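Here is the structure we will look at, set down as structure tokens.
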Amino acid sequence: MKVTIPLACAVGLTLAPLAAHAQSADLVLCDRIAAASDDPDRPKDMPGVPAIAPSDIAIALKYCKIASASSRRAMYELGRAHAANKQMPDAIAAWRRAADKGSTAAMVELGVLYANGAGVAKDEAQARKLFESAAEAGNPLGVSNLAAISASGGAAADPAKARVMLTKAAEANSAEAEYQLGMMMADGSGGAKDESGARAMFEKAAAQNHAGALLWMGVFAESGRGGPKDESAAKIYYQRSAALGNDEAKAALKRIDCPYVIKDKRGGVVTNLCF
């Protein structure tokens, strides 16, 4: 998002009569350019941006650094600006300071780095700890990432607790949390198996264009799991998921459109007949 900087801002807000006012304006500018749309600390009237525009990086570095002296949110946003500027050691340092001050968005950023071993030594235990801290503070991404890292390890350390946290995050309209909760409800992980409830979760996440939820809405609609069977609706869900790049949805569409498989004598697939 390109932001036009007022003259007073461009000269360091020297026209502001009070230092407190100047600091407030610095924070507003930092938020406008660098606030993350999924940061719970973000002001309600600030939509946030998924990524800082290249043309705004220098401005974000300047004003977020000033504002970070008194705002954990600005410290987190300063980390985003450093990351956008490919200064990962500086970004990590800023996120550590923000996390120490209670920024759950910074905890999630650090957790992702530890989970992937990006810029730091890979440490899934540390990633889990950071996601747990963010999740317990109500951050939907912390909850969904905690569920994801637990699933990658085979099973959640406490699936019932993960399900409770996912429920809270889903109530906050997190598409990822709705999707993860739907998966747990469909499998009966961490609680009772509830296919109708799972379908409801997938439907909510699908309404927000979550590729995985769209895929599973297709699966549930095609087979009649958790609700009525509707093959035409299933195909639409698969198409929407495939348009977002989901390979499983693409395969499902091919199976629907080309249901007859021609095989050779050894059982190998030669081609599909499409209608």
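Read-outs: derived from the displayed coordinates by stated rules, not from any lab. Remember, it's a predicted structure, so these values are computed and weren't measured experimentally. As a convention, Cβ positions derive from the backbone with ideal geometry for all residues, glycine included, and neighbour counts pool all protein chains shown.
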Run the quick spin-label model on Ile256 and Lys161: label points 7 Å from Cα toward the beta carbon, then report their separation in nm to one decimal. 4.0
Inter-part distance where segment 126-147 and segment 211-263 are each reduced to a Cα centre, Å: 31
Give me the aspartates and glutamates in straight-line cross-link reach of Lys44: C-alpha distance below 15 Å, same-chain residues under 8 apart excluded. Asp31
DSSP loop (so not H, G, I, E, B), at most 11 other Cβ within 10 Å: list which GluC sites (Glu not before Pro) in segment 142-238 pass both filters. none
Neighbour-count ranking for Ser103, Ser174 (other C-beta within 10 angstrom, fewest to most) reads Ser174, Ser103
19 Å Cα-Cα reach of Lys86 towards aspartates and glutamates, excluding residues that sit fewer than 8 places from it in its own chain: Asp56, Glu77, Glu109
